[in-house]
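What follows is a structure written as structure tokens; I'll ask about it next.
The values are calculated or read from the model by the stated rules, or taken from the named source; none is laboratory data. These numbers come from a predicted model, not from an experiment. FYI the Cβ positions are ideal-geometry reconstructions off the backbone, even for glycines, and counts take in every protein chain you see.
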Amino acid sequence: MLDTLNSASVLEILRPVQDPELHKSLVELNMIRNVEIADGNVSFTLVLTTPACPLREFIVEDCKKAVQTLPGVRDIQVEVTAETPQQKGLPDRTGIKGVKNILAISSGKGGVGKSTVAVNIAVALAQSGAKVGLIDADIYGPNAPTMLGLDGASIAVRKGPQGDIVEPAFNHGVKLVSMGFLIDKDQPVVWRGPMLNGVIRQFLYQVDWGELDYLLVDLPPGTGDAQLTLAQAVPMAGVVIVTTPQTVALLDARKGLKMFQQLGVSVLGIVENMSYFVPPDMPEKQYDIFGSGGGEKTAQELGVPMLGCVPLEIPLRQGGDVGLPIVIAEPDSASAQALCAIAERVAGKVSVAALA
């Protein structure tokens with residue numbers, strides 16, 4: 001009965017409270033746990049579907065307002081934790097043990113800042129409390145080690161029951177494997193498709209990833225062997241398409257987006273990078289040096305979400321060069337805030353898909 005303060009009445013009064021993204025009851029989703037009552041003091045655990053939930057405070061406030069209506073409530077304590085749901089597998093795909101969600105960061109053409117977006121999303125998710133890994137699958141141009149402050153680092157290889165096992169490098173809360181760890185700085189990679197496919201599969205299945213909420217894959221630009229290998233090998237939670245507002249970038253982005261849709265991979269949305277330039281001496285001004293509105297228009301035409309727009313700022317480039325991503329180096333900057341918001345939206349969409 002709701003006129004009695006006990007665990008059952010607390011759960012019942014919380015039943016109408018919904019997760020804003022999933023649009024389902026918190027109680028039905030088993031997100032309310034460990035309800036305890038002592039002398040009018042109510043405590044319980046709120047288990048979110050991602051540590052990067054942008055609506056955490058709103059959900060907590062809705063819960064407190066509901067419980068406060070029960071008679072005899074003196075105080076309410078809510079402990080917030082997160083359990084990232086496991087992406088549903090596919091019969092013809094082989095998952096990675098311990099890895100819950102595999103996401104691709106892709107672009108139709110080079111030079112749009114895909115790796116910058118991938119690295120900063122990975123770090124932003126790690127900052128939220130998630131366990132994150134990153135595969136630098138751009139075999140011909142591996143830049144992630146530099147961007148993550150791991151330039152010059154090495155990775156260990158040990159023998160396992162099924163062959164060699166790679167121990168990923170780690171910095172800024174992110175585990176990383178990259179071809180950049182395996183070759184000299186100036187050494188070009190001159191490989192045909194089968195060799196590229198083989199190393200990507202090694203990065204997927206022969207790395208000691210441990211337990212991960214999210215494994216991001218920074219793909220090379222285009223619609224080639226790396227994209228096919230990934231889409232056909234593992235069950236993917238989705239792909240993020242990175243573009244600039246420029247027409248030639250958008251034309252290639254559309255091709256890449258359509259390719260993933262044809263392969264049955266969910267497109268989580270479009271990120272428009274370099275949306276506008278913010279001069280450091282006049283932060284109130286914006287210059288659309290690559291055009292404007294192209295990403296939003298493309299997203300609307302293709303019926304996919306627009307995840308966000310990232311401005312072009314000098315510290316964003318500087319952070320990539322020195323291995324200190326902008327979300328760490330200058331978290332209050334416009335680009336850092338945009339990237340953190342994009343990471344939250346990506347995590348939310350992955351949770352919705354996993355629990356659908």
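Taking the stated definitions as given, is residue 118 within 14 Å of the chain's Cα centre (by Cα), modelled with pLDDT of 90 or more and not polar (S, T, N, Q)?
Values: within 14 Å of the chain's Cα centre (by Cα): yes; modelled with pLDDT of 90 or more: yes; not polar (S, T, N, Q): yes.
Yes; evaluated as a whole, the condition is true for this residue.
Working only within segment 51-105, note down all residues that are in a helix (DSSP H, G or I) and farther than 16 Å from residue 344 by Cα.
Step one: filter segment 51-105 for residues in a helix (DSSP H, G or I), giving 56-68.
60, 61, 62, 63, 64, 65, 66, 67, 68 - these are the residues of segment 51-105 that are in a helix (DSSP H, G or I) and farther than 16 Å from residue 344 by Cα.
Separate question: Go through segment 53-108 and count every residue that is under 28 Å from residue 298 (Cβ atoms) and hydroxyl-bearing (Ser, Thr, Tyr).
2
Another question about this same structure. Give the residues of segment 48-77 that are at pLDDT 95 or above and touching a Ser or Thr at 6+ places or on another chain (Cβ under 6 Å), sorted by residue number.
Of everything in segment 48-77, just one residue is at pLDDT 95 or above and touching a Ser or Thr at 6+ places or on another chain (Cβ under 6 Å), namely 77.
Let me ask you something else. Starting from segment 263-284, keep only residues that are β-branched (Val, Ile, Thr), then list their pairs with residues that are assigned to a loop (DSSP other than H, G, I, E, B) and modelled with pLDDT under 90 whose Cβ atoms are within a distance under 7 Å, requiring at least 6 positions of separation or different chains.
What qualifies is 278/286.
Is it fair to say residue 124 is assigned to a helix (DSSP H, G or I), at pLDDT 90 or above and under 30 Å from residue 232 (Cα atoms)?
Judged against the criteria, residue 124 is a match.
So is residue 119 touching a residue at least 12 places away in the same chain (Cβ under 8 Å) and either touching a strand residue (DSSP E or B) at 6+ places or on another chain (Cβ under 6 Å) or buried (at least 22 other Cβ atoms within 10 Å of the Cβ) (or both) or not?
Spelling it out, residue 119 is indeed touching a residue at least 12 places away in the same chain (Cβ under 8 Å) and either touching a strand residue (DSSP E or B) at 6+ places or on another chain (Cβ under 6 Å) or buried (at least 22 other Cβ atoms within 10 Å of the Cβ) (or both).
Then there is this: Could you please give the count of residues in segment 143-152 that are in contact with a strand residue (DSSP E or B) (Cβ under 8 Å, 6 or more places away or on another chain) and at pLDDT below 85? Lay out the reasoning, then the answer.
The initial filter retains those residues of segment 143-152 that are in contact with a strand residue (DSSP E or B) (Cβ under 8 Å, 6 or more places away or on another chain), namely 143-145, 148-150.
Retained after the next criterion (residues that are at pLDDT below 85): none.
The qualifying residues number 0.
May I pose another question? Of the conditions (1) among the aromatic types (Phe, Trp, Tyr); (2) out of contact with any Leu (no Cβ under 7 Å at 6 or more places or on another chain); (3) surrounded by fewer than 20 Cβ atoms within 10 Å (Cβ to Cβ), residue 277 fails just one. Which one is it?
Here residue 277 meets the rest and fails (2).
Any residue at all in segment 237-248 that is touching a strand residue (DSSP E or B) at 6+ places or on another chain (Cβ under 8 Å), in a helix (DSSP H, G or I) and modelled with pLDDT under 90?
yes
Give the number of residues within segment 1-47 that are among the small types (Gly, Ala, Ser) and either under 29 Å from the mean Cα position of the chain (by Cα) or surrounded by 18 or more Cβ atoms within 10 Å (Cβ to Cβ) (or both).
So the count comes out to 2.
Something else now. Can you tell me which residues in segment 78-94 are under 18 Å from the mean Cα position of the chain (by Cα) and at pLDDT below 80?
87, 88
For segment 179-213, how many residues are of a type in the set (Phe, Trp, Tyr) and either more than 27 Å from residue 123 (Cβ to Cβ) or part of a strand (DSSP E or B) (or both)?
The qualifying residues number 1.
Now for a separate question. Of all residues being without any contact (Cβ under 8 Å) to a residue 60 or more places away in the chain, in a helix (DSSP H, G or I) and of a type in the set (A, V, I, L, M, F, W, C) in segment 316-356, which is nearest to residue 286 (Cα to Cα)? Just the residue, please.
334
Consider segment 282-303. How many of its residues are buried (at least 20 other Cβ atoms within 10 Å of the Cβ), assigned to a loop (DSSP other than H, G, I, E, B) and among the aliphatic types (A, V, I, L, M)?
0
Then there's this: If a residue has to be touching a His at 6+ places or on another chain (Cβ under 8 Å) and touching a residue at least 60 places away in the same chain (Cβ under 8 Å) to count, how many in segment 123-144 make the cut?
Residues meeting the conditions: 1.
While we're on this one: Within segment 156-178, identify whether any single residue is hydrophobic (A, V, I, L, M, F, W, C) and outside any strand (DSSP E or B), and answer yes or no.
There is no residue in segment 156-178 that is hydrophobic (A, V, I, L, M, F, W, C) and outside any strand (DSSP E or B).
OK, next. Has segment 258-281 got any residue that is out of contact with any helix residue (DSSP H, G or I) (no Cβ under 8 Å at 6 or more places or on another chain), assigned to a loop (DSSP other than H, G, I, E, B) and under 21 Å from residue 317 (Cβ atoms)?
yes
Right, something else. For the list (1) among the charged types (D, E, K, R); (2) under 20 Å from the mean Cα position of the chain (by Cα); (3) surrounded by 14 or more Cβ atoms within 10 Å (Cβ to Cβ), I need the number of the one condition that residue 62 fails.
(2)
A further question follows. Within segment 211-234, identify whether any single residue is among the hydrophobic types (A, V, I, L, M, F, W, C), surrounded by 19 or more Cβ atoms within 10 Å (Cβ to Cβ) and over 13 Å from residue 104 (Cα atoms), and answer yes or no.
yes
Checking the structure you have, find out if any residue of segment 155-168 is among the hydrophobic types (A, V, I, L, M, F, W, C), touching a strand residue (DSSP E or B) at 6+ places or on another chain (Cβ under 8 Å), at pLDDT 90 or above and closer than 16 Å to residue 115 by Cβ.
Scanning segment 155-168 turns up no residue that is among the hydrophobic types (A, V, I, L, M, F, W, C), touching a strand residue (DSSP E or B) at 6+ places or on another chain (Cβ under 8 Å), at pLDDT 90 or above and closer than 16 Å to residue 115 by Cβ.
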